[in-house]
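Notes for the one structure printed next.
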Amino acid sequence: MRKKLIIGLILYLGTLVSTFSQSLQLDFLFSSGLTYSSEFHGAAQVNDSVDFNFNKHQLQFVLPLKTKINLDLKKLDFKKMNLSSSQLFLTSKIGLNQSSFTDKSSNTIYKASIGITGLNAGLRQGVWIYSANLFIDESDKSYNGNLVPNFRGYGARVKVKSFDFIYFYGAGLVVNQGKFFPVPILGFQKKVAKNLKARIVFPIEAKLNYKANAKLNFDVGANFDGVNTIYRSGSVFKDTDGSINYRQLKSYIAINSKIAKQVKLKLEGGLSVAQQYAMIHKDYSENIGTSYYIAFTLNYQFGKSLFGQFVNPQ
């Protein structure tokens, strides 16, 4: 029985890692506003004569649309917490992924998404988060007449035991180039020492965060990043799709700083391991060697996040 459970867990983890990966990232709930990010990877060896390079750039806009708060977050009393606090966000992104091989020309994938994310907060029901997003990943070979819409959605319940410990669970669904991937969601965030917090999203992310002061904190962690389209041609509607996705496991350190009242800067660097690219609709994949990467994120906040104040007050 134990052996069956272990095998089942390994299969579950493998499926989740290969299909969902970075899709559940809720950091924007802590930093609504306008965010620009870029990520640059060093050359990774495919074989003795071919190297792979990958960069990505993204501009994200998160706008709180509607907020209903019937409690004073500065004088929060769990015993008297009103159950009707809620907030709704408009989320949108544009970006591009750039990839190249030493023996071939480079490819550029243009990305865009728009969606709604909402939350309801209270003492008895905790925090409910729900989201629905439409997105496209297209190249100059596929957007004209072969555009394929994709979908990502999830619902999760966040239980707040105290400001020192929260946990969450739920379910999600990804529709990527005509394939459906149901995904369970499970994780927690806990204060493990003074100014030190741990966050785990099984099996997508593990992170330790140390808060040095009100304007500076540090991350050490690892996360899977695996829904990066690096090539698109044809259409799933015409059975001619030739999309290729790229995934990797990233271990990193990061510096997060508040450089102005409404501006945050994140600098990140680390290694990408267990890298692989694979065709979505064909039984083909290729392993890639380890590479380093560096990234930065600049966020300008112009709206207050109820969720950020609720579970991570500053």
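Within a 10 angstrom radius of the beta carbon, how do 151, 237 rank from fewest other beta carbons to most?
Working: 151 15, 237 11.
Listing 151, 237 from fewest to most nearby Cβ atoms yields 237, 151.
Return the FRET efficiency for the residue pair residue 88, residue 199: r is the Cβ-Cβ distance, R0 is 30 Å, and the value is rounded to the nearest 0.05. Don't skip to the answer; put the middle values down first.
Details: r = 24 Å, r/R0 = 0.80.
Approximately 0.80, to the nearest 0.05.
Full-extension gain between residue 214 and residue 283, please, as 0.36 nm times their residue separation minus the C-alpha to C-alpha distance.
Numbers: separation 69, 0.36 × 69 = 24.84 nm, distance 4.98 nm.
Using 0.36 nm per residue and subtracting the Cα-Cα distance, I get 19.9 nm.
Taking 26 Å as the cut-off for C-alpha to C-alpha distance, list the pairs among 68/161; 161/207; 56/197; 190/258; 161/258; 68/179 that go past it.
Numbers: 68/161 22 Å; 161/207 20 Å; 56/197 29 Å; 190/258 23 Å; 161/258 28 Å; 68/179 37 Å.
Going by Cα-Cα distance, 56/197; 161/258; 68/179 fall outside the 26 Å limit.
Give the peptides 183-194, 34-45 in descending order of average Cβ contacts within 10 Å, highest first.
Working: 183-194: 15.2, 34-45: 17.1.
By packing density, highest mean first, the sequence is 34-45, 183-194.
Once amide H atoms are placed 1.01 Å from N in the peptide plane, what residues at a sequence separation of 5 or more from residue 281, or on another chain, have their amide H within under 5 Å of its amide H?
Correct list: 243.
Can you list the trypsin sites (Lys or Arg not before Pro) in segment 212-292 that are in a DSSP coil and have 10 or fewer other beta carbons within 10 angstrom? Working shown, then result.
Working: sites: 215, 232, 238, 247, 250, 258, 261, 264, 266, 282; in loops: 215, 232, 261, 282.
Qualifying residues, ordered by number: 261.
Give me the extension gain from residue 239 to residue 298: residue separation times 0.36 nm, minus the current Cα-Cα distance, reported in nm with one decimal. Write down the numbers at each step before the final one.
Numbers: separation 59, 0.36 × 59 = 21.24 nm, distance 4.01 nm.
Computed gain between residue 239 and residue 298 is 17.2 nm.
Sort 239, 137, 225 so that the residue with the fewest other Cβ atoms within 10 Å of its own Cβ comes first and the one with the most comes last. If you can, show how the numbers build up before the last one.
On the way: 239 9, 137 26, 225 21.
Least to most surrounded, the residues fall as 239, 225, 137.
Go through segment 272-278 residue by residue and turn each phi into a ³J(HN,Hα) via Karplus (6.51, -1.76, 1.60, θ = phi - 60°); whole Hz please, and just put x for glycine and proline.
9, 10, 6, 7, 7, 10, 8
In whole Hz and in residue order, list the ³J(HN,Hα) couplings for segment 170-184 that follow from phi through the Karplus curve 6.51 cos²θ - 1.76 cosθ + 1.60, θ = phi - 60°; x for Gly and Pro.
These are the phi-based 3J(HN,Hα) values: x, 8, x, 9, 10, 10, 10, 6, x, 9, 9, 10, x, 9, x Hz.
Can you compute 3J(HN,Hα) from phi for each residue in segment 143-160, using the Karplus curve 6.51 cos²θ - 1.76 cosθ + 1.60 with θ = phi - 60°, rounded to whole Hz and x for Gly and Pro?
With coefficients 6.51, -1.76 and 1.60, one gets 6, 7, x, 10, 4, 10, x, 10, 9, 9, x, 7, x, 8, 10, 10, 9, 9 Hz.
List every residue whose amide H lies under 5 Å from the amide H of residue 52, counting only residues 5 or more places away in sequence or on a different chain, with H placed 1.01 Å from N in the peptide plane.
44, 45, 46
Between residue 96 and residue 36, what is the label-point separation in nm under the 7 Å Cα-to-beta-carbon projection?
Roughly 1.4 nm, to one decimal.
Quick note: the coordinates plus some simple rules give every number you see, no bench work behind them. On a predicted model such as this, the values are computed, not experimentally measured, just so you know. A quick note on method: Cβ atoms are made from the backbone with ideal geometry, for glycine too, and the neighbour counts reach across all protein chains shown.
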